[in-house]
Amino acid sequence: MERQQAKERIDALRSTLRENSRLYYVENAPVISDYEFDMLMHELESLEAEFPEFASEDSPTRKVGSDLDKGFVQKPHRYPMLSLANTYSIEEVEEFAARAEKSLQSGFSWCCELKFDGTAICLTYRNGVLAQALTRGDGVVGDDVTANARRISNLPIRLHGDYPEEFEIRGEVLMPYAAFDALNHERELQEEAPFANPRNAASGSLKLIDPEEVAHRGLYCTLYHIPAQSLSFTSHDEALRAAASWGLPVSEDRRLCHSIPEIREYIDYWDTQRKFLPYATDGIVIKINEMEYQRELGYTSKSPRWAVAYKFKAEQACTPILSIDYQVGRTGAVTPVANLEPVQLSGTVVKRATLVNADQMQMLDIREGDWVYVEKGGEIIPKITGVEESRRQPGAKAPEFPAVCPDCGTPLVREEDEAKWFCPNKDGCPMQIKGALIHFMSRKAMNILAGEMTVEQFYNLGLVRTPADLYSLSENQLLMLEGWKEKSVKRFLASLAESRKVPFERVLFAIGIRFVGETTARELAAHFGSIDALAEASREQLLEVQDVGDVIADSVVAWFANPAHRQEVERLRAAGLQLSGKGAAEAVSDALAGKTIVVSGTFSVSRDEIKALIAANGGKNSGSISAKTTFLLAGDSPGPEKVRKCGELGISIIDEKTFREMIPAAQLTQPAPTPETAAQESGQLSLF
């Protein structure tokens with residue numbers, strides 16, 4: 001390659017790698033596979049070695065990918081948090097091991113471990129208590145996610161045994177498959193984009209602002225490295241055994257190897273057995289076990305010289321498409337799904353794979369009966385990555401995307417700038433009606449104890465067509481239904497009764513106005529205070545609300561312009577639902593009258609209880625800091641952007657103790673157990 005060509009290719013590779021690193025670490029939305037990213041990185045490393053005059057300290061080959069998020073406080077790592085060199089070639093692993101043996105010229109062992117596919121975490125324990133948790137960040141500083149790490153199920157807040165006064169330990173935060181499937185199922189019901197894989201889901205969950213939501217996500221932690229500078233051990237394996245004795249979650253699947261054939265045997269074993277683990281792994285890490293030799297070999301600017309990661313190649317299968325279904329979601333979006341000849345892939349049988357939308361089908365140039373390549377690897381959701389054109393039948397036709405709704409026959413529409421086609425028959429399309437009911441009853445909405453099969457049963461029997469119909473169901477009616485027993489009837493009716501106490505912002509989210517998600521519903525509820533005021537709001541008044549733009553404003557106006565929707569609101573009112581900002585609480589004082597309060601951080605009780613207390617004492621909850629804000633009520637780890645904006649606007653910040661003193665008639669429940677208490681009561685039971 002000519003010098004100028006090399007310069008242009010190096011510049012292009014650096015630009016591509018930086019952008020894909022941002023998508024991977026910051027957005028949690030990768031658009032290329034790990035393998036493709038690593039191949040581009042290897043190409044750049046080769047070109048920089050061949051043309052050293054173009055070397056740069058700012059090159060992706062010399063810097064750790066950054067996951068820093070300006071929504072969190074950044075703190076420095078005591079010791080740099082580097083990444084591992086990696087390879088997909090067993091021969092390169094053997095070459096790495098041979099170089100180490102030649103360099104050290106003395107007896108040593110290897111510690112081989114599973115490479116967990118999650119997001120890196122660095123923990124500091126002081127006096128046996130979890131004091132700090134930082135993400136990898138850029139390797140020099142990381143995001144402080146201590147409050148969230150305390151909500152990870154198997155991570156102890158307090159240690160036991162003969163632990164050191166202070167030390168660091170590093171590992172990986174994972175999302176087990178069961179938790180991942182549950183989360184994506186919930187997101188699909190809300191018609192939110194599902195996470196592509198558990199790693200993205202774990203990373204996104206660790207960066208949630210609300211620690212209580214983190215606790216709901218079912219994260220799991222495994223720890224695998226104590227920096228040699230942090231504590232004095234003779235070997236890596238000794239350090240991990242000590243960590244396990246203090247109650248820390250350390251993988252027991254590591255193995256000490258004394259030769260290259262033993263390393264290969266370990267890799268071969270886990271290349272098969274990893275498919276039966278309850279969480280994702282994407283390779284094997286091979287480390288020199290003795291700390292003395294780790295120190296002797298040292299580090300590059302990006303990675304240790306005493307370790308390497310062997311990465312498993314993504315599994316791919318080729319199988320024919322049997323048919324294509326077109327599914328209708330609760331918003332009317334029509335999604336094509338390919339039904340496949342069942343094929344074994346990454347430990348599971350794959351029968352279906354989404355084709356996303358009409359544009360994606362066209363881009364893949366899918367034809368009826370095509371053999372297609374399906375891939376999972378790190379991507380748990382099966383995706384079609386290509387077509388084997390050599391197996392295409394002569395005259396095979398491209399499937400026609402339906403012109404009418406496959407469920408109700410209404411002509412489909414496609415709005416400008418929309419990738420998907422929609423069925424506009426929201427109130428008459430069976431799939432949309434059932435989807436709307438499932439959304440209404442979901443945990444983040446009304447939290448009514450019923451699932452898809454129950455909704456299907458209610459709909460098929462003509463018992464329920466709108467959410468208000470749920471509140472007309474009687475005990476006798478339910479006992480007559482197939483599969484219903486007295487206990488299940490009482491639980492369902494009890495959850496219906498409890499749903500009448502759900503605050504207005506969640507009711508507004510539950511009724512399913514298009515584009516009005518949880519956050520927007522909260523903003524609208526805080527701004528207008530009641531569904532009546534919202535129903536009469538003009539487009540211009542809606543645009544005054546934080547984060548409400550033209551699309552949301554038009555959607556809200558259109559929803560309330562529908563007489564059927566107005567009638568449904570009145571039926572929900574008659575059923576006793578909370579349709580104003582006061583929620584379920586009656587005013588107990590006017591101590592906070594005229595005050596607009598923003599709540600951020602974690603408290604001794606849930607944030608919902610804090611907000612209910614504000615409303616019950618005459619205050620107004622708001623989701624964002626503005627000139628109208630009276631004060632920020634800050635718990636532990638409040639949003640740094642909110643704190644910064646308070647400083648800019650001269651707005652007071654008060655803590656929970658001060659807030660309680662402002663209220664003469666507080667009606668709070670007992671504080672929720674602290675993480676320490678909860679850990680003791682639960683015995684720190686693992687997910688597995």
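Tabulated data
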item: Scope segment 458-485; condition part of a helix (DSSP H, G or I) and of a type in the set (A, V, I, L, M, F, W, C); matching residues; result: PHE458, ALA468, LEU470, LEU478, LEU479
item: Selection status of GLU586, modelled with pLDDT of 95 or more and either surrounded by fewer than 20 Cβ atoms within 10 Å (Cβ to Cβ) or of a type in the set (Ser, Thr, Tyr) (or both); result: no
item: Any chance PHE440 is under 30 Å from ALA497 (Cα atoms) and among the hydrophobic types (A, V, I, L, M, F, W, C); result: yes
item: Selection from segment 546-583 of residues that are aliphatic (A, V, I, L, M), within 30 Å of the chain's Cα centre (by Cα) and either surrounded by fewer than 16 Cβ atoms within 10 Å (Cβ to Cβ) or at pLDDT 90 or above (or both); result: VAL551, ILE552, ALA553, VAL556
item: Residue check for ARG522: surrounded by fewer than 21 Cβ atoms within 10 Å (Cβ to Cβ), outside the structural domain of GLU213 (by TED's automatic domain parsing) and touching a Gly at 6+ places or on another chain (Cβ under 9 Å); result: no
item: Subset of segment 83-106 (residues that are part of a loop (DSSP other than H, G, I, E, B) and in contact with a strand residue (DSSP E or B) (Cβ under 9 Å, 6 or more places away or on another chain)); result: SER83, LEU84, ALA85, TYR88, SER89
item: Among the candidates THR119, THR135, THR146, residue that is buried (at least 18 other Cβ atoms within 10 Å of the Cβ) and within 30 Å of ILE260 (Cα to Cα); result: THR119
item: Index of the failed condition, VAL643 passing every other in (1) hydrophobic (A, V, I, L, M, F, W, C); (2) at pLDDT 85 or above; (3) within 25 Å of LYS207 (Cβ to Cβ); result: (2)
item: Residue selected from segment 299-319 under the condition among the small types (Gly, Ala, Ser) and either under 20 Å from LEU104 (Cα atoms) or crowded, with 17+ Cβ neighbours inside 10 Å (or both), by the criterion farthest from the chain's Cα centre (by Cα); result: ALA307
item: Residues of segment 645-663 satisfying the condition of being touching a residue at least 24 places away in the same chain (Cβ under 8 Å) and in a loop (DSSP other than H, G, I, E, B); result: ILE651, MET662, ILE663
item: Some residue of segment 176-184 being within 26 Å of GLN132 (Cα to Cα), out of contact with any Phe, Trp or Tyr (no Cβ under 6 Å at 6 or more places or on another chain) and not in a helix (DSSP H, G or I); result: no
item: Which numbered condition LYS642 fails, given (1) buried (at least 21 other Cβ atoms within 10 Å of the Cβ); (2) free of Cβ contacts under 8 Å to residues at least 40 places away in the same chain; (3) closer than 23 Å to PHE72 by Cα; result: (2)
item: Sole residue being farther than 30 Å from SER604 by Cα and of a type in the set (Gly, Ala, Ser), chosen from ALA97, ALA120; result: ALA97
item: Subset of segment 436-456 (residues that are surrounded by fewer than 16 Cβ atoms within 10 Å (Cβ to Cβ) and either part of a helix (DSSP H, G or I) or at positive phi (or both)); result: ASN447, GLU452, MET453, GLU456
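To keep it simple, each residue is scored yes or no on (1) within 21 Å of SER251 (Cα to Cα); (2) at pLDDT 95 or above; (3) not assigned by TED's automatic domain parsing to the domain that holds SER235.
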{"site": "CYS111", "(1), (2), (3)": "yes, yes, no"}
{"site": "GLY118", "(1), (2), (3)": "yes, no, no"}
{"site": "ARG151", "(1), (2), (3)": "yes, no, no"}
{"site": "GLU192", "(1), (2), (3)": "no, no, no"}
{"site": "ALA196", "(1), (2), (3)": "no, no, no"}
{"site": "GLY204", "(1), (2), (3)": "no, no, no"}
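The values are calculated or read from the model by the stated rules, or taken from the named source; none is laboratory data. Just so it is clear, the model here is predicted, and its values are computed rather than measured. Heads up, the Cβs are rebuilt from the backbone with ideal geometry, glycines too, and the neighbour counts pull from every protein chain shown.
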